[in-house]
Amino acid sequence: MLEINDLHVKLGDEDIAILKGVTLSVAPGTVHAIMGPNGSGKSTLSYVLAGREGYEVTAGTATLEGADLLGMEPEERAAAGLFLAFQYPVEIPGVGNMTFLRTAVNAQRRAKGEEEMSSGAFLKLVREKAAGLKIDADMLKRPVNTGFSGGEKKRNEILQMAMLEPKMCILDETDSGLDVDAMKLVADGVNALRSEGRGFLVITHYQRLLDHIRPDVVHIMSDGRIVKTGGPDLALEVETQGYGDIVDAAEPA
Amino acid sequence: MAGRREQIARARAEATGARLAGQALPSGGAWVTAARREALARLQALGLPDRRDEYWKYTDPTTLSAAEPIAAALFDLKGEPPMFHEMDRLRVVFVDGVFDPAASDDLALAGVEIERLATAAAADIHWARDLYGVLEARGQEPVPRSLATHNTAFAEDGVLIRVTGRTEKPVSLIYLHRAETSDAVLHHCIRLEPGAELTLMENGAGAARFSSVLEVEVGEGARFHHVRAQGRDHERRTHTHIFARLAERGVFKSFTATVNGRLVRNEAFLELLGREAVAHVAGTAVGDGDFHQDDTVFVTHAAESCESRQVFKKVLRNGAVGVFQGKILVTAEAQLTDGYQISQSLLLDEDSQFLVKPELEIYADDVKCSHGSTSGAIDPVQLFYLRSRGVPENEAQGLLVLAFLAEALNEIEDERLAADIRNRLEAWLARHRPA
């Protein structure tokens, strides 16, 4: 589903390479986790896939179901089925959360040649999805992420994901800033979306989120490369040993 | 230096003389004739503004002061419904500055006395005597606003409204522009008796050059709401003045949306004279290209525990210019003043300009006054966030522009009026998206 091949990326305005040849393949129905120390390039990978400005791809490819992601505008990537749950969800004062959700849902429907959703159908759907994430009417009415707590922001990301039903979900440090209860709620929301046709890339610094969202494959990233790939046990190894040994062992001497 | 000052004074006197040459004061009854003569004398002493005036530093008044208006092409709405058209309201129509009884509703509304200035001026005495030109004259200190004085002297038409109760529907002043070189001068006076309420709307181009003065006396506990739409005819040149005086617990709320327009200057001079009075003045301006829009506001707190808000937002692109000059003056008596002022611009490219002069002058010691001004572009992170959810770039930009305008739009109390204005702004944004 998501195929990343030898992806090299540098900062747009500086000559600093961040990704130095990332290769990764996520099959439908699977959950891949990317773990790694701070500064290893995990978030950059998620931003580059979503199409954020400020990065320059110097080599390599990234495709979603065969379509070239890197040649698309961010909105086209979204319409193609890519979704990024932000590490720091963006506050947009002045835009109601409901308006935002509805605009996004309808924009994607239009892009797919579908009719816009009626107000009634949209309201029903959003209430249903919000209830599962314990998002109340007040949170839906408030401006997007504005004045939301850390946990509320992350739940709001998952709500957007649930509403947009993407094929490929990238979760960038969705566990950061969450307490145990909030993490459980978010993980339940993610797990509810797991399905045969949908792929997940879960980026996290800690193993604890993976207790709740069980990955099929775990990758360790360091210095812009994936240095080790394994099963769920690899995450446990990180938990007990830290990144040091794993990264050192993978480094060419 | 004295030579230069004399030169400037002479130039101003000449320009004022040129404007007044051959212009006789309109005829009328005793009260209006006295007011007009006084205004003419003040005008001759003040002279019309010119570009060297500090108060006109950011806006060139030459075409507003000039003897003749510059012709303005008529604007065709092409079937688009006019503002507020679905609302139940008392319509008062002026064509090129002249009242049109055929196009207007019958000037009768429960709780309101409403008459045409031209008719009222024929009377020897009238309640408006205490208002007409009186508030305008008070507004000449500390800065002269002589275009308003010219208006007092020469206005022949307008409405005089005395509100004694709660009006069942709003009064809507509609200004139609039919002649390419029209030069309209309209003067309205509104008196709200204690406890009375009125909503007043204004919209339409009005004329090639349009001058309006609105004097409003808000009695004890009375409430005045004002919503004004200026646009979209591009070529007009407009200057407006609001002079308002508020008694105890009086409420004055005015909102103006300006869309397009080569030259628009909106001045407001508001005096809070009774305790717990509230004055809000807000506006949104959106301009693309040859656009110059200026909000100049002066709020005086002269009584205890009053509240004032100034909220102005401007969206500018392709070299459009926005100006805000806003002042809050708090006199020594006005303890516990709550004053707020914000002026912000969203510059959609590097060619546009926002020129700002916020001022606070405070003589009381127990007050809360804040002011802020910012100029910025669309936030690229917000834009990316919206786009990452599938919202196309231009739609996302439109959403962010409306979000930027929201604080000012929220100042409109009537939800129907707010919705109408919001829809028009959305339509404007859709028409003016970057290719």
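The values are calculated or read from the model by the stated rules, or taken from the named source; none is laboratory data. None of the values given here were measured: they were computed from a predicted structure. Cβ: placed from backbone, ideal geometry, glycine included. Neighbour counts: every protein chain shown. With ligands, DNA and RNA removed, areas are computed over all heavy atoms of the protein, side chains included. Shrake-Rupley method; radii C 1.70, N 1.55, O 1.52, S 1.80 Å.
Below is a table of values for the structure above.
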{"quantity": "Enumerated strands (runs of 3 or more DSSP E) restricted to the stretch A:148-253, each holding at least 3 residues that are surrounded by 21 or more Cβ atoms within 10 Å (Cβ to Cβ)", "calculated": "A:168-172, A:199-204, A:217-222"}
{"quantity": "Residues being open to solvent by 10 Å² or more (accessible area, probe 1.4 Å) and part of a strand (DSSP E or B) - total across the stretch B:212-226", "calculated": "3"}
{"quantity": "Pair list, Cβ < 7 Å and 6+ apart or interchain, from the stretch A:156-167 residues that are within 11 Å of chain B (Cβ to nearest Cβ) and under 12 Å from B:Gly390 (Cα atoms) to residues that are of a type in the set (D, E, K, R) and open to solvent by less than 10 Å² (accessible area, probe 1.4 Å)", "calculated": "A:Gln160/B:Arg389; A:Leu164/B:Arg389"}
{"quantity": "Where a residue in the stretch B:23-34 is outside any helix (DSSP H, G or I) and its partner, wherever it lies, is open to solvent by 50 Å² or more (accessible area, probe 1.4 Å) and among the small types (Gly, Ala, Ser), with Cβ under 9 Å and at least six apart", "calculated": "B:Ser27/B:Ala122; B:Gly28/B:Ala122; B:Gly29/B:Ala122"}
{"quantity": "Strands (runs of 3 or more DSSP E) within the stretch A:38-120 that include 1 or more residues more than 14 Å from chain B (Cβ to nearest Cβ)", "calculated": "A:55-64"}
{"quantity": "Enumerated helices (runs of 4 or more DSSP H) restricted to the stretch B:100-206, each holding at least 3 residues that are open to solvent by less than 40 Å² (accessible area, probe 1.4 Å) and more than 18 Å from B:Arg36 (Cα to Cα)", "calculated": "none"}
{"quantity": "Enumeration of residues in the stretch B:424-435 that are open to solvent by 10 Å² or more (accessible area, probe 1.4 Å) and under 21 Å from the mean Cα position of the chain (by Cα)", "calculated": "B:Arg424"}
{"quantity": "Residues located in the stretch A:121-147, provided they are part of a helix (DSSP H, G or I) and in contact (Cβ under 8 Å) with a residue 40 or more places away in the chain", "calculated": "A:Gly132, A:Met139, A:Leu140, A:Lys141"}
{"quantity": "Residue among B:Leu329, B:Leu348 that alone is in contact with a Pro (Cβ under 8 Å, 6 or more places away or on another chain) and either surrounded by fewer than 24 Cβ atoms within 10 Å (Cβ to Cβ) or aliphatic (A, V, I, L, M) (or both)", "calculated": "B:Leu348"}
{"quantity": "Number of the condition not met by A:Arg142 [criteria: (1) over 14 Å from the mean Cα position of the chain (by Cα); (2) closer than 27 Å to A:Asn38 by Cβ]", "calculated": "(2)"}
{"quantity": "Number of the exception - B:Arg275 against (1) closer than 26 Å to B:Tyr55 by Cβ; (2) at pLDDT 95 or above; (3) not in a strand (DSSP E or B)", "calculated": "(1)"}
{"quantity": "Output for the stretch B:302-341, where each listed residue is more than 21 Å from B:Glu276 (Cα to Cα), part of a strand (DSSP E or B) and hydrophobic (A, V, I, L, M, F, W, C)", "calculated": "B:Phe312, B:Val315, B:Leu316, B:Val321, B:Val323, B:Phe324"}
{"quantity": "Condition check for B:Glu113: under 25 Å from B:Arg223 (Cβ atoms), free of Cβ contacts under 8 Å to residues at least 60 places away in the same chain and of a type in the set (D, E, K, R)", "calculated": "yes"}
{"quantity": "The stretch B:386-417 - residue that is more than 14 Å from every other protein chain (Cβ to nearest Cβ) and assigned to a helix (DSSP H, G or I) and, of those, surrounded by the fewest Cβ atoms within 10 Å (Cβ to Cβ)", "calculated": "B:Glu415"}
